[in-house]
Amino acid sequence: MILHVADTAVFIPSFIDLVNENFDPDNHFFWLDGGGKEYSGNPYPNVYLAPRAWKARLAAYSRLCSRLHAADKIILHGLFNWRIIILLSVFPWILKKCHWVIWGADLYVYQQKSKGLKYDFLNYFRRRVLKRVGYLLTYVSGDVELAREWFSARGVHQYCLMYLSNVYQPLPESKNIRPQKSHINVMVGNSASPTNNHLEVFQIMSAFREDRVRIFSPLAYGDMNYAKEVVALGHSVFGDRFEPMFDFMSIEKYRDFLSTIDIAIFNHRRQQAMGNTIALLGAGKTVFLRLHVSHGRMLSALGLKLFDISELGVKLISEEQARNNIEIIKSVFSRDRLIAQWADIFEERCDH
């Protein structure tokens, strides 16, 4: 039995669908925490949603403890939940069969400043777990290098695209590589998280405020106090050409929005917004990011044309470069490759 342990993040439901549709559901069990309306009705018998009430929650974690020991293989979808981290550290002998799916924030927590004794206490357990976890699962080799450097991680690297959010899907009207309109739509960041560094981008882009640009910033989730700062500076610099986006959109509507974007600017200093980046590059859009960061190095090594933040401006890649990007994304980030990669991981013996 393969045990999947995850919070109810937005891309977990589609991953469960993918596994149950392409592999034997009787060989997989999903233990989910964090609420989540998507699975409140348990559409699959192999999905367990931990209850929120504290007494029932104790029973849920007791059940998890039993399943961790009984499982042949454990897939840890991100490592954020401090209860799970402590559980794993208490039972270090099960870590050799654990596969840590690196999300990014669970790795870059290393760079955060100490927030007090409790924070340091939890990080002690995190280091114990990440050092001993058996497998490191990601398609960004730079993240594996950082896990080894920061946490002395000894696990075997398994290359995998991880989730459907990282798989190429054509955007609506994505064949229109060159903007056929009187203005250029620029997307800055993908959330209201300070890691987007919007303010730095706005200051650089202020030199182009008179150009034919419209600035869009998705701010539907994250730090709402930070979002207010983003909105204030955005309107100050760009006036009514700045459009903050606070409404949550369905996947279909969000993809429609991405199809209207000409230039995307992701000023993250860590691996982030990969689903957005892959979708936009696969539609021939122009993308600016920090090329020295792990995912920037990985994408550049594939032969994709991207611009570094240091080159920030209102410029577009050529049609030839756009078409080349589309072909690379189609080839590398395909659904068939994702399924094949998970098949290898599910079938491999945990005996290293």
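The values are calculated or read from the model by the stated rules, or taken from the named source; none is laboratory data. None of these values were measured; they are calculated from a predicted model. All Cβ positions, glycine included, derive from the backbone under ideal geometry; neighbour counts span all protein chains shown. Each accessible area value is taken on the protein alone, full model and side chains, heavy atoms only, with ligands, DNA and RNA left out. Shrake-Rupley method; radii C 1.70, N 1.55, O 1.52, S 1.80 Å.
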One computes Rg over Rh for the chain from alpha-carbon atoms, with the Kirkwood Rh, and obtains 0.98
Size of electric dipole in the chain: Cβ of Lys, Arg +1 and of Asp, Glu -1, about Cα centre, debye, nearest 20: 1020 debye
Can you list the lysines whose alpha carbon sits under 29 Å from that of K73, skipping same-chain ones fewer than 8 residues off? K37, K55, K96, K97, K131
Long-range amide H contacts for C160: which residues qualify at under 5 Å (H placed 1.01 Å from N, peptide plane, sequence gap of 5 or more or a different chain)? T138, Y139
Derived scalar couplings ³J(HN,Hα) [the range 78-88; Karplus, 6.51 cos²θ - 1.76 cosθ + 1.60; whole Hz; x for Gly, Pro]: x, 10, 10, 6, 5, 5, 5, 4, 5, 4, 5
For the range 93-151, alpha-carbon Rg relative to the globular expectation (2.2 N^0.38 Å, N residues): 1.13
Measuring from the longest principal axis of the C-alpha atoms of the chain, the long axis of helix 224-238 (C-alpha) lies at a number of degrees, nearest 10, equal to 10 degrees
What's the angle, to the nearest 10 degrees (0 to 90), between helix 54-70's Cα axis and the longest principal axis of the chain? 80 degrees
Quick one: pull the percent of accessible area on the chain belonging to carbon and sulfur, 1.4 Å probe, ligands and nucleic acids left out. 53 percent
Let me have the 222 nm mean residue ellipticity of the chain computed from DSSP H runs of 4+ only, each contributing -39500 (n - 2.57), with the sum over all residues rounded to the nearest 500. -12500 deg cm²/dmol
Any idea what angle helix 117-132 forms with the longest principal axis of the chain, computed on alpha-carbon atoms, 0 to 90 degrees, nearest 10? 80 degrees
Using a 1.4 angstrom probe, figure out how much accessible area the chain has per residue, in square angstrom, rounded to the nearest whole. 46 Å²
Those lysines that a straight Cα-Cα span of less than 25 Å connects to K315, excepting residues fewer than 8 apart in one chain: K175, K181, K285, K305, K330
Note, the range 330-347: 3J(HN,Hα) by Karplus (6.51, -1.76, 1.60, θ = phi - 60°), whole Hz, Gly/Pro = x, goes 4, 6, 7, 9, 9, 4, 4, 5, 4, 5, 5, 5, 5, 4, 4, 5, 5, 8
Cut-off under 5 Å, modelled amide H: who pairs with I265 long-range: M187, V188, G189, F288
